[in-house]
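Down below is the structure, laid out as structure tokens.
The values are calculated or read from the model by the stated rules, or taken from the named source; none is laboratory data. Since we're looking at a predicted model, the values are computed, not measured. Heads up, the Cβs are rebuilt from the backbone with ideal geometry, glycines too, and the neighbour counts pull from every protein chain shown.
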Amino acid sequence: MSSNGGFDEIKKVGVIGAGAAGLVAAKELQREGFEVVVYEQNADVGGIWLYNPDIEDDPLGLEIVGPNQGTIYESLRTNLTREVMGYMDYPFLVKEGRDPRRFPGHEEISLYLKDFARHFNLVELIRFNTKVEYVGMVGKCQEWVMNGERDCDMDGDPMDERVQWVVRATSSGTVEEEVFDAVVVCNGHYRQPAIAEIPGAQKWPGKQIHSYSYRVSEPFFNQVVVIIGSSLSACDISLDLKMVAKEVHLSMRSKYTKPGQHIFMGIDVHKLGVHVHPMITLLDENGTMVFEDGSSIVADSIIHCTGYSYSFPFLDTKGIVKVEDNCVRPLYEHIFPPLLAPSLSFVGIPKK
């Protein structure tokens, strides 16, 4: 028997998050007979697919403190077919009166997740509008775990102690604590924006936001907009802005901007009138930005489509689980930290 207890010792499990990962984790745990409590800081299920037109006060997302306002924009459609996105035991079928496309919009995915939660009676497990502030170990065995011991039963006797987890959460100003035999972390990885570090950014007079805060194109009407990035959101937003902006520029690493090469995510953006540049090397307080090739432009806004960093601000593992070089480690099969298995696990860590 491990220091953290085998699966047969786990009775009560806390799940952090009611997005796509948290819902399926709760469903499988309930099916196996565990007592399950799901914590969700929003008012409904769906995680990032729960679209919210509001934008946080910090458009770069550097100091996010409130409930997750969502990370998707109004025009977003999935880049995967509905057949691929559906759960194995609950196919993502076309429903009458709803979005029938194989690559549906975000609202259809949100509705699908709500259908899934209702179908498997998961809603009754979820504490909505409840933000998890702290998750940490309790019990005497945590001392052995912190010292790298895999087994707390030092004398060979049946264990009287094992690592459990206390979850502290707030809801409507009330703080509550509850102890669980295990915790499954499903808070996603689209919450903590990564920002491009550019000399002069603090004094540059234009507007800067992260794609986290992008919703619609209208605020950028007749502007010169520069998008930093070379992945999906950069492609989506550049094409979205092309309809309203005066000019749209893409700034990417040099390997994507070879002379005569303008294919971006399978689209010839040059034919669409989107200008391609290498990375920005300097932002001047007069509004000018300089690129690696020496060219420069004057722009009104910058949108950082530069991805996200893994972040678990509520989780205290005494240094056992760390985020290093934007990797969560050590995790077996991207799920279990060996010293804490099976009492702690992560679902939904891989990005690709």
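Okay, here's what the table says:
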{"read-out": "Test set (1) surrounded by 15 or more Cβ atoms within 10 Å (Cβ to Cβ); (2) assigned by TED's automatic domain parsing to the domain that holds Glu247; (3) modelled with pLDDT under 95 - Gly266 fails condition number", "value": "(1)"}
{"read-out": "Criterion violated by Gly348 - all others in (1) touching a strand residue (DSSP E or B) at 6+ places or on another chain (Cβ under 8 Å); (2) crowded, with 17+ Cβ neighbours inside 10 Å; (3) small (Gly, Ala, Ser); (4) closer than 17 Å to Arg191 by Cβ satisfied", "value": "(1)"}
{"read-out": "Residues of the range 21-58 satisfying the condition of being surrounded by fewer than 16 Cβ atoms within 10 Å (Cβ to Cβ) and over 22 Å from Arg215 (Cβ atoms)", "value": "Glu28, Arg31, Glu32, Gly33, Glu35"}
{"read-out": "From the options Phe120, Phe92, Phe103, residue that is surrounded by 15 or more Cβ atoms within 10 Å (Cβ to Cβ) and in contact (Cβ under 8 Å) with a residue 24 or more places away in the chain", "value": "Phe120"}
{"read-out": "Check on Val167, modelled with pLDDT under 95, buried (at least 17 other Cβ atoms within 10 Å of the Cβ) and not assigned by TED's automatic domain parsing to the domain that holds Ile228", "value": "no"}
{"read-out": "Conditions (1) in the same structural domain as Glu133 (by TED's automatic domain parsing); (2) touching a strand residue (DSSP E or B) at 6+ places or on another chain (Cβ under 9 Å); (3) assigned to a loop (DSSP other than H, G, I, E, B): number failed by Asp293", "value": "(1)"}
